[in-house]
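Trainee: Encoded as structure tokens, here's the structure I'll be asking about.
Please treat every number below as a calculation from the coordinates, not as lab data. Since we're looking at a predicted model, the values are computed, not measured. Every residue, glycine as well, gets a Cβ built from its backbone with ideal geometry; the counts of neighbours run over all protein chains shown.
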Amino acid sequence: VITILVPRRRLLVASLAASAGALTFGHRVAAQPRDVVRTPPQTLGPFYPDTPPADHDNDLTRVKGAAGTAAGEVSFVSGAVFDVGGRPLAGVRVEIWQCDANERYHHPRDRAEGRDPNFQGYGTFVTDATGGYRFRTIKPVPYPGRTPHIHYRLSGPQLAPFVTQMYIAGHPQNETDGLFRSISDRRQRDSLLAPFVRIAGTDEWTAKFDLVVAARAA
Ligand SMILES: [Fe+2]
């Protein structure tokens, strides 16, 4: 899609410039980052909730009504959502879901035995004025046949629902993961990698993951 987008924009700008004068539109051309990498879509997978859990806030490490906290390594996952022009997208609903530390998705189609009752499994957050979102969750673990990943779904008035997956930068299983490797464009593939950085003096992690998506014209 990117390879089409750039030439089309150039054509549009060229035709507008010819009819209305280049100066009028010159600033718009400058505002478009030339090397923007659009976040590639990925499959929804079988474990997107049929019905969201009652507790679906942005802290997946605690479940309302449960006594404990989630097993696994606490991770603060945050980032922002941008359009292809680099503009932050506010008011976008960000949904994430992932398996628990025991490799169970909290979904009727996955195994119930061994499920961590203290992991929420799914959470939502609506982006703020800077396009920002944040979750407290656990560092993703491998699921049978898959490298560690977190599923993302974005939706809102500015965009068609967008689904992808985020991966841990440098995780050795990425290189043998069929879904990750299915993205042929190297830069797009790498854009799904989030570095997990240890918070000094703790056993917790931070990870930053930005998304760049096509937005509808305002
Ligand atoms: Fe998955």
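Trainee: Counting other Cβ atoms within 10 Å, keep those with at most 14, restrict to DSSP loop, and tell me which GluC sites (Glu not before Pro) in region 57-144 are left.
Mentor: Listed in order of number, the matching sites are Glu113.
Trainee: Can you tell me what percent of all Cα-Cα pairs in region 51-125 are more than 17 Å apart?
Mentor: Cα-Cα pairs of region 51-125 separated by over 17 Å account for 49 percent.
Trainee: Per-residue counts of other Cβ atoms within 10 Å, averaged by peptide: what ranking do you get for 57-68, 139-150, highest first?
Mentor: The peptides rank, most packed first, as 139-150, 57-68.
Trainee: How long is the gain from Thr69 to Ala90 if the chain were fully straight, where each residue apart is worth 0.36 nm and the alpha carbon distance is subtracted?
Mentor: Fully extending the segment from Thr69 to Ala90 adds 4.5 nm.
Trainee: Also: May I ask you to compute the full-extension gain from Arg62 to Asn102, defined as 0.36 nm times their residue separation minus their alpha-carbon distance, rounded to one decimal in nm?
Mentor: Between Arg62 and Asn102, full extension yields an extra 12.8 nm.
Trainee: In whole Å, what are the Cα extents of region 61-218 along the three principal axes, biggest one first?
Mentor: Its Cα atoms span 46, 39, 37 Å along the three principal axes.
Trainee: On to the next question. Roughly how big is region 49-102's charge dipole about its Cα centre, with Cβ charges of +1 (Lys, Arg) and -1 (Asp, Glu), in debye to the nearest 20?
Mentor: 160
Trainee: Compute the distance in nm between two label points, each set 7 Å from the Cα along the Cα-to-Cβ direction, one at Arg181 and one at Glu113.
Mentor: 3.2
Trainee: Please report the projected area of region 148-202's Cα convex hull averaged over all directions, in nm².
Mentor: So the Cα hull casts an average projection of 5.4 nm².
Trainee: To continue, here is another question. Using the basic label-point model (7 angstrom from Cα toward the beta carbon), what is the Ile199 to Val163 distance in nanometres?
Mentor: In this crude spin-label approximation the distance works out to 3.2 nm.
Trainee: Which shape class, rounded, prolate or oblate, goes with region 111-182 when its Cα gyration tensor gives a ≥ b ≥ c as root eigenvalues, a/c under 1.5 marks rounded, and past that a/b bigger than b/c marks prolate?
Mentor: Taking the square roots of the gyration eigenvalues as a ≥ b ≥ c, region 111-182 is oblate.
Trainee: Measuring from label point to label point, each 7 Å out along Cα→Cβ, what is the Arg216 to Ser155 span in nm?
Mentor: Going by the 7 Å Cα→Cβ label model, 1.4 nm.
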